[in-house]
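The values are calculated or read from the model by the stated rules, or taken from the named source; none is laboratory data. Quick caveat: nothing in here was measured; it's all calculated off a predicted structure. Neighbour counts are summed over all protein chains in view; Cβ atoms, including those assigned to glycine, are modelled from backbone coordinates with ideal geometry. What goes into the accessible areas is simple: the full protein's heavy atoms, side chains included, and nothing from ligands, DNA or RNA. Shrake-Rupley method; radii C 1.70, N 1.55, O 1.52, S 1.80 Å.
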Amino acid sequence: QPVPVPIVALSAGTLDEDKNTAFIFDAVLPKPFKNDHLLAVISKLLDKSNAPIDLNEVLAEDDEDDNEKHYNLANLRIMAQGNQEFFDEMLELFIRTSKEGISQMEAYLEEKDFYSMSQIAHRICSPCKHLTANKMDAQLKLIENYKKNAFTYEDMKFLLEKLKNHCKQLIAKLE
């Protein structure tokens, strides 16, 4: 008798893609992803209990005190090519858009408007990439791909809380 093989999609796709695509996979993990997250998803899928993937468990390894992994300004410095004014403007843009975006997402969460939350998450991703803010970017990608992962209100609330914490820590280090 054949053994079922779980299929995990690693997606850089958008929300406009075919809705039915998510149904052919056992799990969808948005790019960029951490190896630990992928291993946790695979481990859960291979677990004989076939328990559903618990978002709390997959993301639990995030260490709130590990500030070294929150960002890297090297790419932004390369982009700035020595122009300190540009560098400072990009940091300000990141801080402003992150604060405003998270505030807007909180309002949309209360309205259970996950689509609007995902659109804001998509807009904030770009400034995160300039700062190589991988933890924030990963949180934003999860929110952006809420539909593929079939996240509930509680899942989205949890993700937004994690995002707010990462953002607060990062901004505190930058200011």
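Couple of notes before you dig in:
- Checking every one of the GluC sites (Glu not before Pro) in region 99-147 against DSSP loop status and a limit of 15 other Cβ atoms within 10 Å picks out Glu111.
- When His130, His166 are compared by accessible surface with a 1.4 Å probe, the order from highest to lowest is His130, His166.
- Once all protein chains are placed together, Ser126 keeps about 60 Å² accessible to a 1.4 angstrom probe.
- Environment charge at Thr97 (Cβ cut-off 14 Å; Lys +1, Arg +1, Asp -1, Glu -1): 0
- Spin-label model distance (nm) - Phe25 vs Arg96, 7 Å beyond Cα toward Cβ: 3.5
- Asp113 accessible area, assembled protein chains, probe 1.4 Å, Å²: 40
- Dipole check for region 60-175: with +1 at the C-beta of Lys and Arg, -1 at the C-beta of Asp and Glu, and the Cα centre as origin, the magnitude is about 380 Debye.
- Calculated FRET efficiency for the pair Glu106/Phe86, C-beta based, R₀ 35 Å, to 0.05: 0.70
- For Phe94, Phe158, Phe114, the ranking by accessible surface with the largest value first comes to Phe158, Phe114, Phe94, using a 1.4 Å probe.
- Spatial separation of Cα centroids for region 100-148 and region 80-99, in angstrom: 19
- Modelled FRET efficiency - R0 30 Å, Leu174 with Ala150, Cβ distances, 0.05 increments: 0.30
- Distance histogram for region 101-163 (every C-alpha pair counted, 5 angstrom bins, percent rounded to whole numbers): 4, 21, 35, 25, 11, 4, 0
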